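Data first, discussion second: the structure below is written as structure tokens.
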Amino acid sequence: MQKRTMIMLGLVLALTVLLVGATSVFAQSGDCTDCHNDTTVITGKKTATDESMHGMGESYVRGTRNSCVGCHSGGGFSDMVAAGLAPNELETGDPDPTRQDCRACHQVHVTYTAADWALETTDPVAFYAFEGVTYDGGKGNLCASCHQPRRGIAEVDADGNIEVTSTHWGPHHGGQGAMLLGIAGAGDVEGAPGAHATMVADTCVTCHLGEGADHTFEPAMASCTGCHADAESFDINGVQTEVQAMLDELGEKLIAAGLLDEEGHPAVMVMPADQANALWNWIFIAHEDGSLGVHNPAYTKALLEASLAVFP
């Protein structure tokens, strides 16, 4: 009986120490109610995120692969940032991948205060597929950590050809950062950073969250009217209409030449370099960037003009 009493006293003492320690941590760190309170500071943002492609897409399942984990798994992204690595430097996948949720982008449960909404990183991003190219767009650097191409187009072989190696050939789905900087297109087209890279503070975050921090990540028209006062849509000066028309024309020519199928997949074959360049540019603009010229109007149109010139 005495032994049992001593054990119970020991357990009570240990629990007391743990509780006192926990209380001390929270007292030093802050107040959980900064975030966990009766407002929608968490639930509102979570609801919006759940409606976004980051929140409801199925690509997170690819996070089990080491070559995909840094960007396709939310937990993998956090680990990558903490380790100071690039997406191509990860050696193991995530056995339990997550979507890109609050914890992927924010420093959740570090200080237990509203300071935990700070972004995981805002460091400039060295593009791993393009030596010497760095994206430095403020808070948008978080986005550019993954919204960068995985590869540039292959070198031309001795016969003047380029091989299209798969139906998923191209720069991959993160081309927006490169388009903003005016790089990653194919052929002899000189590019330069667009105004959204040089004149918009915090780049991606300013346009895709806006002053209200909209976590659907849909671009905010109100962010445009600060510079484009009379704009009523994203088709400013008809750029999107013009680019869509050029994409449609180029797509038809690529299909007619047997380089592209009706579903938008490239033909796996060896083709002349100028045709491969045109195919690459169509994929880059139509599928990977997706802004219809908004991110960099001049560079987008220059790539399409050069590509259309390949097919008389």
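The values are calculated or read from the model by the stated rules, or taken from the named source; none is laboratory data. Note that the structure is predicted; figures quoted are calculated from it, not measured. Positions of Cβ are backbone-derived with ideal geometry, glycine not excepted, and every protein chain shown enters the neighbour counts.
Observations, loosely collected:
- Some residue of region 218-227 being at negative phi, modelled with pLDDT under 95 and of a type in the set (Ser, Thr, Tyr): yes
- Flag for Pro97 being crowded, with 18+ Cβ neighbours inside 10 Å and at pLDDT 95 or above: yes
- Scanning region 182-203 for residues that are under 22 Å from Glu305 (Cα atoms) and either without any contact (Cβ under 8 Å) to a residue 60 or more places away in the chain or of a type in the set (S, T, N, Q) (or both) yields Ile183, Ala195.
- Taking region 229-265 as the range and being small (Gly, Ala, Ser) and either part of a helix (DSSP H, G or I) or touching a Phe, Trp or Tyr at 6+ places or on another chain (Cβ under 9 Å) (or both) as the test, the residues that pass are Gly238, Ala245, Gly251, Ala256, Ala257, Gly264.
- For region 154-182, residues that are more than 18 Å from the chain's Cα centre (by Cα), surrounded by 16 or more Cβ atoms within 10 Å (Cβ to Cβ) and in a loop (DSSP other than H, G, I, E, B) total 3.
- Among the residues here, Gln148 does not qualify as buried (at least 17 other Cβ atoms within 10 Å of the Cβ), under 15 Å from Ala126 (Cα atoms), in the same structural domain as Thr134 (by TED's automatic domain parsing) and in contact with a Cys (Cβ under 9 Å, 6 or more places away or on another chain).
- Residues satisfying the stated conditions in region 100-145, i.e. in a loop (DSSP other than H, G, I, E, B), of a type in the set (A, V, I, L, M) and surrounded by fewer than 16 Cβ atoms within 10 Å (Cβ to Cβ): Val110, Ala118
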